[in-house]
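Report on one structure; see the data block that follows.
The values are calculated or read from the model by the stated rules, or taken from the named source; none is laboratory data. No experiment lies behind these values; they were computed from the predicted model shown. All Cβ positions, glycine included, derive from the backbone under ideal geometry; neighbour counts span all protein chains shown. Surface areas here come from the heavy atoms of the whole protein model, side chains and all, with no ligands, DNA or RNA. Shrake-Rupley method; radii C 1.70, N 1.55, O 1.52, S 1.80 Å.
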Amino acid sequence: MNWKGTKTLGFEKTLIEKKQFVDRFLQQYMKRKDGVPDIIYQAMEYSLFAGGKRLRPILVMSGCEICTADPVQVMPLACAVEMIHTYSLIHDDLPAMDDDDYRRGKPTSHKAFGEGIAILAGDGLLNYAFELMLSITPLEGGRLKAIREIARASGVEGMVGGQVLDLESEGRQVSMEVLNDLHCRKTGALICASITAGAQAAGCSQEEYLKLQEFGKKLGLAFQIQDDILNVTGDRKLMGKSTGSDASRNKSTYVSLLGVPASEDMVKTLTDEAKTCLEGFGDRAQFLKQLTDYLVDRKY
Ligand code: GRG
């Protein structure tokens, strides 16, 4: 499959095309193997094709493109990041974690398949993500750095560590410093690693890497604050969520600490700063800047 490039299409069309491009690769990578119990594929596919926005794989592609390489070469990384994201959502929804009945308007994995299969579907996606990334040939240089970046962002220094802080913060009022650290790890690390891994696989310079890392950190935090705002002001039906929310579970959020207007100001400041990080990339940054605006204007 070829990617026709970002320049020829407008933003909305490019976004749709990129999402469809990711979906085609995900379908291709999820080919079932003989002898494996069918139920595990059903559960993995149920969550992987449940209507996610594909933000993280699109960021991997964009990180590669902004460093002037063809994003087709990073599709195993892009799809692996979506599998890791999907595993995290399946596990996050479990009764032992956030205990949610609905995600993206559908029953959560454990509601559809039972807790045991849901846990294993998450495990299956996580492991397959690494098998997929390690199948890239040749496996050297920037590609290895990219895989390590994704592993670190998903693990205890990143998403898993953030989830631990999240569990421990339940029922407690936490400071803004703790809340920032929690979300930079839980949500921000994988978003940031998506863009930097795409760039590393494309052979970016150290200067480009640092700029994109700064961009990714700010985007990741803005995305989380916007999620907190939407949880209060958004249409839960449109968001496909059940009635529970972080506030109702007695968790501190940006909105509970700052209120909606100050949280919105923070999103605006962070997104402006994020876009400034891209200045040195000239016209090549256009799609990422538009994506930044699109993500903070989103309704779900
Ligand atoms: C279980 C180790 C482990 C970690 C779970 C990411 C996470 C950690 C939990 C998700 C909690 C949550 C809803 C956080 C808000 C920000 C966020 C990650 C939203 C979901 O991401 P989107 O909007 O989802 O990209 P889609 O559905 O589009 O894929």
**Q.** Carbon and sulfur %, accessible surface of the stretch 20-137 computed with the full protein complex present, 1.4 Å
**A.** 53 percent
Q | Nitroxide proxy distance, nm - points 7 Å out along Cα→Cβ at Arg104 and Glu168 | A | 3.2 nm
Q. P(r) for the chain: what percent of alpha-carbon pairs falls in each 10 Å bin, starting at zero?
A. 6, 28, 37, 23, 5, 0
(Q) Please compute the alpha carbon radius of gyration of the stretch 1-80, then divide it by the globular-protein estimate 2.2 N^0.38 Å. Two decimals is fine. (A) 1.21
(Q) Can you tell me, using C-alpha contacts under 8 Å and at least 6 residues apart, the relative contact order of the chain as a whole percent? (A) 20 percent
(Q) Test of understanding: what is the full-extension gain from Arg284 to Val160, defined as 0.36 nm times their sequence separation minus their Cα-Cα distance? (A) 41.3 nm
Q) When the chain is fully extended, how far beyond the present Cα-Cα distance does Gln20 get from Arg298, taking 0.36 nm per residue of separation? A) 98.2 nm
(Q) At a threshold of 8 angstrom on Cα-Cα distance, excluding pairs fewer than six apart, so keeping six or more, what relative contact order does the stretch 105-225 reach in percent? (A) 26 percent
(Q) Taking 0.36 nm per residue of sequence separation and subtracting the Cα-Cα distance, how much length would be gained by fully extending the chain between Leu210 and Lys268, in nm to one decimal? (A) 18.7 nm
Q) Where does the chain land at 222 nm, in deg cm²/dmol rounded to the nearest 500, when only DSSP H runs of n ≥ 4 count, each adding -39500 (n - 2.57), divided by all residues? A) -20500 deg cm²/dmol
Q: Assign one of three labels to the stretch 114-230, namely rounded, prolate or oblate, based on the Cα gyration tensor with a ≥ b ≥ c the square roots of its eigenvalues; rounded applies when a/c is under 1.5, prolate when it is not and a/b is larger than b/c, and oblate otherwise.
A: oblate
Q) Taking GluC sites (Glu not before Pro) as exposed when DSSP calls them loop (any state but H, G, I, E, B) and at most 15 other Cβ atoms lie within 10 Å, what is the longest stretch of the chain free of them, the sites themselves excluded? A) 1-139
Q: Over the chain, average the accessible area per residue using a 1.4 Å probe and give it in Å², no decimals.
A: 45 Å²
